[in-house]
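Heads up, the thing below is written out as structure tokens.
We did not get these values from a lab; they are worked out from the coordinates using the rules stated. This one's a predicted model, so the numbers in the text were calculated from it and none came from an experiment. Cβ atoms come from the backbone with ideal geometry, glycine included; neighbour counts cover every protein chain shown.
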Amino acid sequence: MRIGLMMGASRAIGDDLPGILAFTQQAEAMGFAHVWLAHTMGVDAMTALALSGAQTTRIRMGTAVVPTFPRHPVAMAQQALTVAAASGGRFELGIGLSHKMLIEDMYGIPYAHPAAHMREYLEVLLPALRGEQLQHKGERYTVNMRLTVPGAAAVPVLVAALGPVMLGIAGELADGTITWMTGPRTLAQHIVPTLNRAAATAGRPAPRVVAGMPIVLTADADGARRKISESLAIYGMLPSYRAMLDREGAAAPGDIAMVGDEAALRAQLARLRDAGVTDFDATIIALDDGAVARTRDFLATELP
């Protein structure tokens, strides 16, 4: 199981461009496999990773995740290929539907038939990323064009998927999924088998499972869970994440967080590996001034 670090999920880690670059460079120096960058209401994630990619040499980088509704799939592909060129082929594109609250209530874009939207989105995005001539006429997009981005390499596409329909689409068409607010039991019993079945039915190899999880090295596990539940309370209210917490039997986000001392965290990492997670996306929670550094240092000792 590869271990990567999340940025942009809190102001403590990767909130601005200098911070993103510095964090990525340090993660590369420490040997981490990936950095992942959230795309929220701050910096544009792909632009930031293009800058980081031009100033690093080894570490892979990906978005977790860019909402699809606000961007035409060809525009998404063009920007992704540009980031791939800037990073020497180290970019991975994580995309997702986001939530009605953001897409419809804030952007003013109808959040209608989201699964059908994602399927057609991928039908345009994937051949565009491959540089194929697009001849697509669907319910949402009509496209007749071809992208040619000099220096671009192949871009893996990971789709944020939690429910069975979206997991089926991800397994059939994409390279894998990225999860959030999804505990180890739900990963083992729902996410991984559903995704793998869809891929096998489509004659495709086993997909990647990138599991995003809050984590902090601490001597006060109970206190950490309480604080995480408070700071991440919004995720317990969004329907898709609430469904995953309910499936896990978790009352609040802190209940699925990875917290405790070194031995406890090692056991929780092993549980993710056993569940079939291929990539751990560590969202380090800054409970105190030293939490980020000590948790990152611990994770560096667990790199394969």
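A few remarks follow.
- Charge dipole magnitude, Cβ of K and R +1, D and E -1 - the stretch 2-301, Cα centre, debye nearest 20: 680
- Degrees between helix 221-231 axis and first principal axis of the chain (Cα, 0 to 90, nearest 10): 40
- Calculated [θ] (222 nm, deg cm²/dmol) that DSSP helices of n ≥ 4 give over the chain, each run adding -39,500 (n - 2.57): -12500 deg cm²/dmol
- Computed from the C-beta positions of residue 109 and residue 230, the FRET efficiency with R₀ = 30 Å rounds to 0.45.
- The antiparallel fraction among DSSP beta bridges confined to the chain stands at about 10%.
- Size of the stretch 107-159 from its Cα atoms: along the principal axes, largest to smallest, the extents are 36, 24, 19 Å.
- Computed from Cα positions, the angle between helix 164-173 and the longest principal axis of the chain comes to roughly 60 degrees.
- The distance between label points at residue 100 and residue 274 comes to 3.8 nm (points 7 Å beyond Cα on the Cα→Cβ vector).
- Burial ranking of peptide ranges 251-261, 142-152 (average Cβ count within 10 Å, highest at the top): 251-261, 142-152
- Radius of gyration, Dmax [the stretch 160-251; alpha carbons; angstrom]: 14.6, 47
- The separation of the stretch 174-230 from the stretch 233-253, counted between C-alpha centres, amounts to 13 Å.
- Anisotropy class of the stretch 219-304 from Cα gyration tensor, a/c 1.5 cut: oblate
- For the chain, the percent of C-alpha pairs falling in each 10 Å distance bin, counted from 0 to the bin holding the largest distance, reads 6, 28, 38, 23, 5, 1.
- Here r is the Cβ-Cβ distance between residue 263 and residue 293 and R0 is 25 Å; the resulting FRET efficiency, rounded to 0.05, is 0.80.
- Burial ordering of 227, 137, 100, fewest other beta-carbon atoms within 10 Å first: 137, 100, 227
- The stretch 87-164 and the stretch 3-53 have Cα centres spaced 22 Å apart.
- For the chain, the longest principal axis of the Cα atoms and the long axis of helix 73-86 meet at an angle of about 60 degrees.
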